[in-house]
1. Going through region 212-231 one residue at a time, which ones are touching a helix residue (DSSP H, G or I) at 6+ places or on another chain (Cβ under 6 Å) and either outside any helix (DSSP H, G or I) or surrounded by fewer than 19 Cβ atoms within 10 Å (Cβ to Cβ) (or both)?
2. Listed residues 127, 154; which is free of Cβ contacts under 8 Å to residues at least 60 places away in the same chain and under 26 Å from residue 247 (Cα atoms)?
3. Considering (1) in a helix (DSSP H, G or I); (2) more than 27 Å from residue 261 (Cα to Cα); (3) at pLDDT below 90, say which one residue 9 fails and leave the rest.
4. Is one or more of the residues making up region 201-209 surrounded by fewer than 21 Cβ atoms within 10 Å (Cβ to Cβ) and within 29 Å of residue 56 (Cβ to Cβ)?
5. So residue 99 passes all but one of these: (1) out of contact with any helix residue (DSSP H, G or I) (no Cβ under 7 Å at 6 or more places or on another chain); (2) part of a helix (DSSP H, G or I). Which condition number does it fail?
6. Could you list all residues from region 137-189 that are touching a helix residue (DSSP H, G or I) at 6+ places or on another chain (Cβ under 6 Å), surrounded by fewer than 22 Cβ atoms within 10 Å (Cβ to Cβ) and either outside any helix (DSSP H, G or I) or at positive phi (or both)?
7. Could you tell me how many of the residues in region 253-267 are under 20 Å from residue 11 (Cβ atoms) and touching a strand residue (DSSP E or B) at 6+ places or on another chain (Cβ under 8 Å)?
8. Pairs under 9 Å by beta carbon, first residue closer than 18 Å to residue 138 by Cβ in region 1-22, partner loosely packed, with under 15 Cβ neighbours inside 10 Å and at pLDDT 85 or above, six or more apart or different chains?
């Protein structure tokens, strides 16, 4: 290996290791719980006792926070996360969580329908905060795009309504939301296409694009096409089992996407030079960005 190759090997993009599966589970469970809060708020228009669904949403959010707490080297320092609500989206997520749990307790214990409705926008804000946490990591091209935030929010909504439609196996009245779930699956597919196109245009490490490219076929065919077909067929025929099957596929593939995004596609940008310096009086040569499909400058 030449001296130049040794240097490039050290500056090329590398996979982040700060957030492992425990960090990914915060986004997986947290998004599912947040989306379920939105879905449950919509379902308050029906004469159903939705306390079990609210409790399930709280359990998802609590499980996500517990998983991320487990990965902290000194867990009892986790309270410091509350110190920067004006500058940190992680702090804002932490501040929103107690409000969600307080209103959730009002729903479960006091059967407050008003609290269940209020949890809807809070769930949406919680999902948005999770997307902004990822976007704040500007050194990771797969996370720092607004299109990534859109994917996180869209996935949370699909997962939340997917759980609601799985509950239709017990409460058939919830079948009225099947068409909405089908529409949200379509929205998530559009967000997915926009996200990948955005990364292609802005530039990203080859490893990131390769990982997302390998996910694309499965995510598209199973998480969107098959899921939407089953949901639409079930809604058209009034078959909760078909709707539940499509909802399950959309739910599972959403969780897989977030795992891949956090644990497998999150490569650091690496170092780059906009122009290669030259010896003597010769003009500088084109810049280099090792490990990138587009050899553009650092601001691409």
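1. Within region 212-231, 222, 226 meet the criteria.
2. On the way: 127 fails: free of Cβ contacts under 8 Å to residues at least 60 places away in the same chain.
The match here is 154.
3. Failed condition: (2).
4. No.
5. (1)
6. Matches in region 137-189: 144, 145.
7. Start the filter on region 253-267 by keeping residues that are under 20 Å from residue 11 (Cβ atoms), which leaves 265-267.
Now narrow it down to the ones that are touching a strand residue (DSSP E or B) at 6+ places or on another chain (Cβ under 8 Å): 266-267.
Counting residues in region 253-267 that are under 20 Å from residue 11 (Cβ atoms) and touching a strand residue (DSSP E or B) at 6+ places or on another chain (Cβ under 8 Å) gives 2.
8. 16/139
The values are calculated or read from the model by the stated rules, or taken from the named source; none is laboratory data. Given the structure is predicted, the values throughout are model-derived calculations rather than measurements. So basically every Cβ, Gly included, is an ideal-geometry build from the backbone, and we count neighbours across all protein chains shown.
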